[in-house]
Amino acid sequence: MAPSVSSLKTKYIKLGYQYLVNHFITLLLIPLILSLSLHLLQQPSSSSSSSRLLTTLHTHLTPFQLLSLTLLISFLAALYYTSRPRAVYLVDYACFKPPLTCRVPFSTFMEHSRLIVHDQKSVEFQMRILERSGLGEETCLPPAIHYIPPNPTMEAAREEARFVIFSCLDNLFKRTGLKPKDVDILIVNCSLFSPTPSLSAMVINKYKMRSNIKSFNLSGMGCSAGLISVDLARDLLQARPNSNAVVISTEIITPNYYQGSERAMLLPNCLFRMGGAAIFLSNKAAYRRQAKYRLLHVVRTHRGSDDRAYKCVFEVEDKEGKSGISLSKDLMAIAGEALKSNITTLGPLVLPASEQLLFLFSLIGRKLINPKWKPYIPDFKQAFEHFCIHAGGRAVIDELQKNLQLSDEHVEASRMTLHRFGNTSSSSLWYELSYIEAKGRIRKGDRVWQIAFGSGFKCNSAVWKSLKSDKKPMEDSPWVDCIHRYPVHIPDIVRL
Amino acid sequence: MWLTSVSSQTYEANGIHSNDSDEKNEALIYGKRLSSVGPARVTGDLMYEPSNMDLAMKLHYLRVVYLFEVEAMEVLTMPRFKEAIFEWLCYYYESCGRLRREDTHGRPYIKCNDCGIRFVEVKSSKTLQEWLQLGDHSLQHRLLVPDHVVGPELAFSPLVFIQMTALKCGGLAVGLSWAHILGDAFSVAEFMNLCGQFLKGLEATYPANLNKSPPNNAHKPSKPSSTLGSGPLSLKQVSPVGDHWTFPTPCDMATFSFHVTATQLAQLSTKTGPFAALSAAVWRAIAKVRCGPEPNTITVVTRGVANGKAEDSLLRNNQVVSSVEAHFHVATAHIDDLAMLIHNEAQDERAQIEEVVGQNPGGSDFIIYGSNPTFVDIGGADFYGFEVKGMKPRLVNCFVDGIGGGGVVLVLPSPKSGDHEVDDNNGKIGDEGRIVTLILPKVYMEELKKELKEEWSLIA
């Protein structure tokens, strides 16, 4: 449908307004500079006026005063320079590519369900969820879960952890040339599997890392733990100069596959899949050239003080004593509220002045003039070129697309990641970024917004700025053998 | 991973429990674990439509057991093995699908939804030698290969089961349970042989054939049959089984296998091939020992030809199903006469079978094996072509389930000469011996064995 004349007009007005406000300072300075230069040029002896200024200074200030002034200026400059936060670079990252032998087509999932879950209604419920889930036929579950009934021993869980984490790290070390001995900070986040010794200890043992490494293991923090780890890494990198940090985000499915019949607890089985990512962050100037992104902002929002939000993703035991994650029905509403909270904080940091002004006017108008005015939702497309929305489920992506008024192309990475890899929890953001890179869409200077939700209820955002245009397709990208098939059209309901 | 963890939990899925599952038999195998394996890549939205001939065979199941020597297990590591299987199944995605019924007539078809074949991992407390020396061959039949049937829920019933039994000595038994609707024994041999290729490290370079459904009514009657009016003798209609494709055999069956050397075959009959000679000998023996009327009609199943080169590697029920009628006293006939009768006078009933089945493909159910005593010639099937890391099987045995009271006699290839168990081939007939597997009513099995031993020295 061709845009109507009036909408075109609105579009141009909007563009003009944006340009005016965003470049306000520039637009103000240009006439000022012009007038100043004209004034100077009109002076009969312009060169002598500047030299006159210098001699005035020279005669009125003693050498001592001149020196102090110079020292003061350099001191202030140094103070300013050192008090600026260190830049945190994302040198590179690697995602886990599950082997095809772990593949779980819908039909296999349903058949196994039928054999394990004894309640017919629960089986039908799972089928309906799967049909509408937005997952594809290539998502993967760990080997222990392929058994009928599943065989979730601790050894199997450790085996999965080793497989996923070591595979990502080997890939990362190979890609970046980083040596395990050069890792100063190690952060592993895995929400539902927390053995003793920790997964970070497992990594240190395998790669023989240094004894003075700062290691952290975050568990229980849900799907947004990946960004929490990045935030922690950033804080540590601010405190320690010349350091390398490796963040590993994963979710170990083996011990958490719910084997009962409670419907609210069967939902995660349908969506969660095997996946992991390893990220190399550094504040070393030497990596500046190699780095792909720079971390601009991390905004964390916690809604735990609200009881409803706190309970909406809850690990419980069912009547038979089988434990699983129960998702409440108002999950989407809570996610929406958490999102609003997060963007209220994030907005002023990233939005251009034009959007902030509009939001301010709308706010003032609603408060003072007419409360019934629709709240102005800032156009985040002005702030970011790429969006990575945690692929928690189709509903989450739909909700965010609606709330933020994003186009299909903006949420394509999220939808396709959900289709190809399922909900890989904290690592899904990295699969999405990998998708955008594999499609060759990243240009230098592009800003990427990663947003994730998690139990608690948390909403965390990270903003990255691309430092290079990605031209070379990567052979070890998880998308390498299937990117040519994407994007695919995902029907609303897949008939099983 | 599957070798290290032992679970004593046995979980039957889509299986029928054998009648003689006493504790002694259960102890022979233990640690059963079930999973599914399927194609590595997405097949897509494909349907496989079985022909009328396929539907005629739907109540039958082929159970094939491959026994491998020591060292076979050592070369199989789980990740590599499963990788090979997943790649292999990309080429046989129809075996990984599930049955559905058409809306209009209820005709079964296979939806190729990558659901997979069931994979059973089991351990055995017996060595390979001990298994070979077991007197009761039905144990091989019951324990080394899953006894699955299709149904009661078609959509959740695998068509194929594979069982890997790790033997105590380090050997391996591979048991394949195959729904006959997919194809005949020759197809099974090709199916497994390709698996062996992938295990050896074959790389999948060509895409899988996307159009695999068999042509319908491919068989025209080769010669006019006198029984055209009365319908095929080899096909027997049974009461409707619905979606649970199991035919309870009307009487207790016993299983017995024995090896026949080339020399012994020569002694039987030189006029026809080994199959006709062996079938004649057993037919005569059955006629002698069976109480009641003589079995004048037998069903003979032999290898059919593929419809063109393209069809060669596809799963098909190409076997020729014929009836042989004797108009003379079988028990006292000369073996040569019987052998000639089998060889020359077999009436190909495939066209008639297809016509009868085609009349009500969704509703009627039939059996072929066992409707009369059935003699199956799979001596030409390349079962020994299934190699695990270059090692041929020590022994391959084949059984059939879902058969009628007439029983089934299978003539199988014997292990290739070079194996110490096979006698020297004196070259007269021109090929090696055969393995004969009898699945016959228990009531006269012992007498039959005695008869074969006394009359022909076939059984030691």
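The values are calculated or read from the model by the stated rules, or taken from the named source; none is laboratory data. Bear in mind that the values here come from a model prediction, so they are computed numbers and not experimental data. Don't worry about glycine lacking a Cβ; one is built from the backbone with ideal geometry, like all the others, and counts go over all protein chains shown.
Those helices (runs of 4 or more DSSP H) of the stretch A:218-333 in which 3 or more residues are closer than 25 Å to residue A:90 by Cβ and under 23 Å from the mean Cα position of the chain (by Cα) occupy A:225-239. Only one of the numbered conditions (1) within 21 Å of residue A:269 (Cβ to Cβ); (2) crowded, with 17+ Cβ neighbours inside 10 Å is not met by residue A:200, and that is (1). Taken as a whole, the condition of being in contact (Cβ under 8 Å) with a residue 40 or more places away in the chain, on the phi < 0 side of the Ramachandran plot and not charged (D, E, K, R) does not apply to residue A:82.
The set of residues in the stretch B:1-54 that are within 26 Å of the chain's Cα centre (by Cα), of a type in the set (Asp, Glu), within 30 Å of residue A:495 (Cα to Cα) and at pLDDT below 90 contains only B:12.
Residues of the stretch A:295-308 include none that is touching a residue at least 60 places away in the same chain (Cβ under 8 Å), touching a Ser or Thr at 6+ places or on another chain (Cβ under 6 Å), under 30 Å from residue A:252 (Cβ atoms) and surrounded by fewer than 18 Cβ atoms within 10 Å (Cβ to Cβ). For residues in the stretch A:127-146 being buried (at least 22 other Cβ atoms within 10 Å of the Cβ) and not in a loop (DSSP other than H, G, I, E, B), which is nearest to the other protein chains (Cβ to nearest Cβ)? Top of the filtered list is A:146. The residue list A:492, A:476 contains one member that is farther than 21 Å from residue A:172 by Cα, in contact (Cβ under 8 Å) with a residue 12 or more places away in the chain and assigned to a loop (DSSP other than H, G, I, E, B), which is A:492. Taking the criterion of being touching a strand residue (DSSP E or B) at 6+ places or on another chain (Cβ under 9 Å) and surrounded by fewer than 14 Cβ atoms within 10 Å (Cβ to Cβ), no residue of the stretch A:355-380 qualifies. When A:189, A:171 are checked against the criterion of being outside any helix (DSSP H, G or I), polar (S, T, N, Q), out of contact with any Cys (no Cβ under 7 Å at 6 or more places or on another chain) and touching a residue at least 40 places away in the same chain (Cβ under 8 Å), A:189 stands alone in meeting it.
Just need a number here: residues in the stretch A:147-170 that are crowded, with 24+ Cβ neighbours inside 10 Å and within 12 Å of chain B (Cβ to nearest Cβ). Going through the stretch A:147-170 one residue at a time, the tally reaches 1. Restricting the first member to the stretch B:130-149 and to residues that are crowded, with 19+ Cβ neighbours inside 10 Å and at pLDDT 85 or above, and the second to residues that are assigned to a loop (DSSP other than H, G, I, E, B) and not β-branched (Val, Ile, Thr), the beta-carbon pairs closer than 6 Å and six or more apart or on different chains are B:148/B:14. If the condition is being more than 12 Å from every other protein chain (Cβ to nearest Cβ), aliphatic (A, V, I, L, M) and either in a helix (DSSP H, G or I) or touching a helix residue (DSSP H, G or I) at 6+ places or on another chain (Cβ under 8 Å) (or both), then the stretch A:73-105 contributes A:73, A:76, A:77, A:78, A:79, A:88, A:91, A:94.
In this structure, residue B:74 does not qualify as at pLDDT below 65, assigned to a loop (DSSP other than H, G, I, E, B) and within 12 Å of another protein chain (Cβ to nearest Cβ).
Summed over the stretch A:160-177, residues that are of a type in the set (Asp, Glu) and either closer than 16 Å to residue A:192 by Cβ or under 22 Å from the mean Cα position of the chain (by Cα) (or both) total 1. Return yes or no: is residue B:89 within 23 Å of residue B:193 (Cβ to Cβ), crowded, with 24+ Cβ neighbours inside 10 Å, more than 14 Å from every other protein chain (Cβ to nearest Cβ) and hydrophobic (A, V, I, L, M, F, W, C)? Taking the combined requirement at face value, the residue does not satisfy it.
Taking each residue of the stretch A:106-118 that is at the interface with chain B (Cβ under 8 Å from one of its Cβ atoms) and looking for partners that are of a type in the set (Val, Ile, Thr) and part of a helix (DSSP H, G or I) with beta-carbon atoms closer than 9 Å, six or more apart or interchain, yields A:110/A:123; A:112/A:145; A:114/A:123. Residues in the stretch B:129-153 that are outside any loop (DSSP other than H, G, I, E, B), out of contact with any strand residue (DSSP E or B) (no Cβ under 6 Å at 6 or more places or on another chain) and of a type in the set (A, V, I, L, M): B:132, B:139.
Of the set (1) of a type outside the set (Gly, Ala, Ser); (2) at pLDDT 90 or above; (3) closer than 29 Å to residue B:52 by Cα; (4) more than 21 Å from the chain's Cα centre (by Cα), all apply to residue B:320 but (4).
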